[in-house]
Amino acid sequence: MPSHMTPPLHVSSAESRVTPSLFVRCMRALGAVLALLFLGACGGDQPTAVASIIGDRSAPAVTVTKVVPPADSVLAFTVNAKDDLGLKTIHVRITGGVTRAFDTTFTSAVTTISIPYSVVTPRFVPIGSLVQVVADAVDGAGNASVPDTLQLAVGNVTPPKVVLTGPVPGTLFVVGKSGVLSFSASSKLKVKAVGFTTTGPVRLADSTLLRAPLRDSVAILDTLVIPDTAKTGVLVVTPFVVDSLGQRATGDPMSYALQPLSAVNSIPVVTPGITTRIEATDTIRVAASDPVGITRLGYEIRNLAGALVAADSSSSSGKLTSAESTFTYQARVSPPTLVTVRTFAVNAAGKRAFAHLPNGSDRVDTVLVVAGLTRRLPNGGRLADAVYLPQFDRLYLTNIDRNQVETFGLTDMQFGAPILVGSQPWGITVWPRDRAGHAADSLIVANSGGTNMSVVDLRRGSTGREVYRYPLPNLHVCTVTTDVTAAGVHFQKRTCYDFTDRPQFVATTCSGSDDGGPCDDAIVIYSTSATGSQPSPFPNRGTVRWENLVTHASHFFFEQAIGQASGRSDTLEITRYAAQGVGGDSVLVPYQSWVDGMSGDSALFSVTVDITNLAFRDTTFVRNSGNFRRAILGEGGPVKGSRAMEYDASRGMMMMTDVGSLGRFFFRTPMIDGGISRYFDVSDYVVNTSARVMGVSMNYDGALAGIRADSTYIIDPTLRLQGLMQTGGGSNAGFDFHPQNTGGNSGVASTRLAFSAANGPQIEVFDTWCYAKVGTIEVRDPIVGPIKASVRPDGRLVLVGASATGVIVVTIDKPFTSSCSAGVRLR
């Protein structure tokens, strides 16, 4: 008896212990005939007599079921057996990674039993090794059950699985032709190989060995070659899968009829792969199947008048019953243009057929030929921001999921090698060279997953590489108020707030002359992310700051909050704590600062703020002007009433202030940035717009900024509303000005443009003087990310938009113009 199970019941019948009665002995003496006549009076010997004469022909039934094991090192299952009269033995055999055998014998009449088994696997057996359990039973009359099989895996791992997914049952195979089989396989231990075996008129085996890295699940196509000498009949195909440990499992077989070519009279079944919007370089897939084989696949394109625009086809040997080809559209039409597309196939018997609709008529697809070229991200991910550098004719896009900057060359319209940067790169901008709009050969990338920015040298390597990671400082904000104790004693009460220093969107400006001279430094304006752990009243609120990457000076934007809240006065103090020794610790905004007047007098000066206006909703968008003088900020968030601010690097820090009758005083420590929008201008902007901000942009000289919301609000450097453009797109942030759009070019209709992503797959073109839509560019996929407008070195205007899976590049050869007359806009 095996040690893993409880002892079986031993039940002895009463009849076997009783001495045969006188009547029974008499019956035996009279012979078999009298025994049959008086069978009903034979007492305890009746069942034995019935069984010996009628015979027990019913076999036992056995099932094996899996049980969740108490540990991964245990194989657990239950054997259930039953018989109408009585079980005699149960046999259990375990083979594969573990080998065991169990036999259970019953000495009494047991008709139903359930026996649990728990087998400890040796340590040397690899995890995932397949184990097969086979159980059967024999009853007292010698009838054997049909064996039941259960497949287990060592370590409680789900065994690999494979399914033959095509062709569907009922598909014909033809002698001398080849058919395509499709398989779906999966394994927790990775799929190493998928194959099949056949029985019937053709006996063969084939498999596909997969290359590293192996995957958990795969879909495989394989070809079943039917020899010319094969006989007709029923062909049975059984799939199998092999995992990374070499364990093999089979799937359910599928049967197909094999017939001679002369018995088949069919036409091709054509399946087209057509989308309703196509680009000039898009591809069209044509697939067809026919038991007699496919010899040609193709398509034709016609205009709406019926004239042939383009056609193409490819030939095949006719040996394959299923064939597929991919063609490049040859439609030489100007987008947007509607055309019709039909696909066809020819079989080995010379019969030609088009793709059909369910009602049997020919399928004719009407598609729109659109502008642009779409390229998918090589390794997936999400694009957060983008910037273009004309000296390299290349676009750089942050891939927040891959921790890298994607490089896209406009010369070959292909993605190049990515540039590895910091954690979760979000915003991206360029290092400014001069106030004439020329950028240096470096990128600045905001790593939102950390508290730093990557500096990428584009002259290093084929596409550039990160050469420095600038550590951002910790800017610590406190407010100081005067409170009174119960005893009437006045004391200072300091309340400090920690904000995250993780950067999101970035823009660059620089100090320098406004006539296009060289930059003296590189000032990065950046917004920060937010977390729910920030102290009240700032949970999930971000901030805006600037950092001078050359001088290591810092500034925290508080100017928008200058003033007093109702019933309180909060004096501000901001301290810079350096990170990794870059720059130094300093008090940026002292809550009391001496100022020296020209008369030699002195006075106290402090900054008071309404702390409710100090932080910004997540996420705040930032963009700089093309000449690196100004930047625009737009407060994000899910509600209306978002704020907008501008920054002008030419103004610099305020060095003095007027203190009423005391006269003009000079700061010993400058702390208020004169380039940030005044708080009353910010408040006035909110009243004029009251919108939810989705994105921002700025024209070349910063004379105009666009705030993307329910409409697009065009404002000037003082945040005064200039006009509204009725852009669509809902929550879409894609918006950009023409690179040569300036405040003084109101008479140049070809450059006073802006480009906006619409709700659907369109780019809307607007005139920024009269705010009217002057055109629409139809593209293949909706743009869900940023749009960048750039002028390439050859002078052509290019738009690049981020789609859900990659980028869409549109080259504009035909300029858009507006019929509205324009005067002069004051700057």
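What the table below lists for this structure:
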quantity: Hey, Ile115 touching a residue at least 24 places away in the same chain (Cβ under 8 Å), β-branched (Val, Ile, Thr) and over 25 Å from Ser186 (Cα atoms) or not; calculated: yes
quantity: Subset of region 190-201 that is outside any loop (DSSP other than H, G, I, E, B) and open to solvent by 50 Å² or more (accessible area, probe 1.4 Å) - its residue that is nearest to Gly155 (Cα to Cα); calculated: Lys192
quantity: Members of region 139-163 found to be buried (at least 21 other Cβ atoms within 10 Å of the Cβ) and either more than 43 Å from the chain's Cα centre (by Cα) or part of a strand (DSSP E or B) (or both), listed by number; calculated: Asp139, Ser145, Leu152, Ala153, Val162
quantity: Count - residues of region 300-338 that are out of contact with any strand residue (DSSP E or B) (no Cβ under 9 Å at 6 or more places or on another chain) and open to solvent by 60 Å² or more (accessible area, probe 1.4 Å); calculated: 1
quantity: Selection from region 740-759 of residues that are of a type in the set (Gly, Ala, Ser), open to solvent by less than 40 Å² (accessible area, probe 1.4 Å) and out of contact with any Asp or Glu (no Cβ under 9 Å at 6 or more places or on another chain); calculated: Ser746
quantity: Where Thr543 falls short, out of the listed (1) crowded, with 18+ Cβ neighbours inside 10 Å; (2) under 26 Å from Asp441 (Cβ atoms); calculated: (2)
quantity: Tally, over region 389-414, of residues that are in a strand (DSSP E or B) and surrounded by 20 or more Cβ atoms within 10 Å (Cβ to Cβ); calculated: 10
quantity: Residue check, Leu204 open to solvent by 40 Å² or more (accessible area, probe 1.4 Å), on the phi < 0 side of the Ramachandran plot, at pLDDT below 95 and in contact with a strand residue (DSSP E or B) (Cβ under 8 Å, 6 or more places away or on another chain); calculated: yes
quantity: Strands (runs of 3 or more DSSP E) lying entirely in region 439-533 (those with 1 or more residues that are basic (Lys, Arg) and out of contact with any Asp or Glu (no Cβ under 6 Å at 6 or more places or on another chain)); calculated: 465-471, 490-497
quantity: Looking only at region 466-505, and only at residues there that are within 30 Å of Pro786 (Cα to Cα) and of a type in the set (Phe, Trp, Tyr), the one that is surrounded by the fewest Cβ atoms within 10 Å (Cβ to Cβ); calculated: Tyr468
quantity: Residue list for region 246-299, filter: open to solvent by less than 50 Å² (accessible area, probe 1.4 Å) and of a type in the set (Val, Ile, Thr); calculated: Val264, Val270, Ile274, Ile278, Ile284, Val286, Val292, Ile294, Thr295
quantity: Which numbered condition Met653 misses (of (1) in contact with a Phe, Trp or Tyr (Cβ under 9 Å, 6 or more places away or on another chain); (2) crowded, with 19+ Cβ neighbours inside 10 Å); calculated: (2)
quantity: Selection within region 93-125 - polar (S, T, N, Q), open to solvent by 90 Å² or more (accessible area, probe 1.4 Å) and in a strand (DSSP E or B); calculated: Thr112
quantity: Residue match in region 71-85 (condition: surrounded by fewer than 14 Cβ atoms within 10 Å (Cβ to Cβ) and under 30 Å from Ala219 (Cα atoms)); calculated: yes
quantity: Residues (over 16 Å from Thr281 (Cβ atoms), among the hydroxyl-bearing types (Ser, Thr, Tyr) and at pLDDT below 95) located in region 325-361; calculated: Ser325, Ser361
quantity: Selection from region 164-189 of residues that are open to solvent by 30 Å² or more (accessible area, probe 1.4 Å), touching a residue at least 60 places away in the same chain (Cβ under 8 Å) and in a strand (DSSP E or B); calculated: Leu172, Val180
quantity: Close pairs from region 794-823: first over 30 Å from Gly381 (Cβ atoms) and exposed (fewer than 14 other Cβ atoms within 10 Å of the Cβ), partner modelled with pLDDT of 80 or more and among the basic types (Lys, Arg), Cβ under 8 Å, at least 6 apart; calculated: Asp813/Arg796
quantity: Yes/no for Val236 being at pLDDT 95 or above and open to solvent by less than 90 Å² (accessible area, probe 1.4 Å); calculated: yes
quantity: Contacts under 6 angstrom Cβ, first residue in region 450-465 being open to solvent by 30 Å² or more (accessible area, probe 1.4 Å), partner of a type in the set (D, E, K, R), 6 or more apart; calculated: Thr451/Asp501; Thr451/Arg502; Asn452/Arg469; Arg459/Asp441
quantity: Among (1) open to solvent by less than 80 Å² (accessible area, probe 1.4 Å); (2) part of a loop (DSSP other than H, G, I, E, B); (3) on the phi < 0 side of the Ramachandran plot, the one test that Arg215 misses; calculated: (1)
quantity: Residue that is farthest from Thr718 (Cα to Cα) [pool: residues in region 611-624 that are open to solvent by less than 30 Å² (accessible area, probe 1.4 Å) and more than 32 Å from the chain's Cα centre (by Cα)]; calculated: Ile611
quantity: Candidates Ala733, Ala749, Ala691 - the one that is of a type in the set (A, V, I, L, M), closer than 21 Å to Val800 by Cα and assigned to a loop (DSSP other than H, G, I, E, B); calculated: Ala733
quantity: Single unsatisfied condition, Asp401 versus (1) on the phi > 0 side of the Ramachandran plot; (2) out of contact with any Phe, Trp or Tyr (no Cβ under 9 Å at 6 or more places or on another chain); calculated: (1)
quantity: Only listed residue being in contact with a helix residue (DSSP H, G or I) (Cβ under 7 Å, 6 or more places away or on another chain) and without any contact (Cβ under 8 Å) to a residue 60 or more places away in the chain, chosen from Ala553, Ala565; calculated: Ala565
quantity: Residue selected from region 694-723 under the condition over 35 Å from the mean Cα position of the chain (by Cα) and assigned to a strand (DSSP E or B), by the criterion surrounded by the most Cβ atoms within 10 Å (Cβ to Cβ); calculated: Ile715
quantity: Count of residues meeting criterion [more than 15 Å from Thr104 (Cβ to Cβ) and out of contact with any helix residue (DSSP H, G or I) (no Cβ under 8 Å at 6 or more places or on another chain)] in region 126-143; calculated: 9
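Yes or no, residue by residue, for (1) aliphatic (A, V, I, L, M); (2) open to solvent by less than 20 Å² (accessible area, probe 1.4 Å); (3) not in a loop (DSSP other than H, G, I, E, B):
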{"residue": "Leu604", "(1), (2), (3)": "yes, no, yes"}
{"residue": "Gly626", "(1), (2), (3)": "no, no, no"}
{"residue": "Pro638", "(1), (2), (3)": "no, no, no"}
{"residue": "Gly641", "(1), (2), (3)": "no, no, no"}
{"residue": "Tyr647", "(1), (2), (3)": "no, yes, yes"}
{"residue": "Phe666", "(1), (2), (3)": "no, no, yes"}
{"residue": "Asp684", "(1), (2), (3)": "no, no, yes"}
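Quick grid of which residues meet (1) in a strand (DSSP E or B); (2) under 20 Å from Pro335 (Cα atoms); (3) modelled with pLDDT of 90 or more:
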position: Asn741; (1), (2), (3): no, no, yes
position: Ser756; (1), (2), (3): yes, yes, yes
position: Asp781; (1), (2), (3): no, yes, yes
position: Val798; (1), (2), (3): yes, yes, yes
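The values are calculated or read from the model by the stated rules, or taken from the named source; none is laboratory data. Please read all numbers here as calculations on a predicted model, not as lab measurements. Positions of Cβ are backbone-derived with ideal geometry, glycine not excepted, and every protein chain shown enters the neighbour counts. SASA here: full protein model, heavy atoms, side chains in, ligands and nucleic acids out. Shrake-Rupley method; radii C 1.70, N 1.55, O 1.52, S 1.80 Å.
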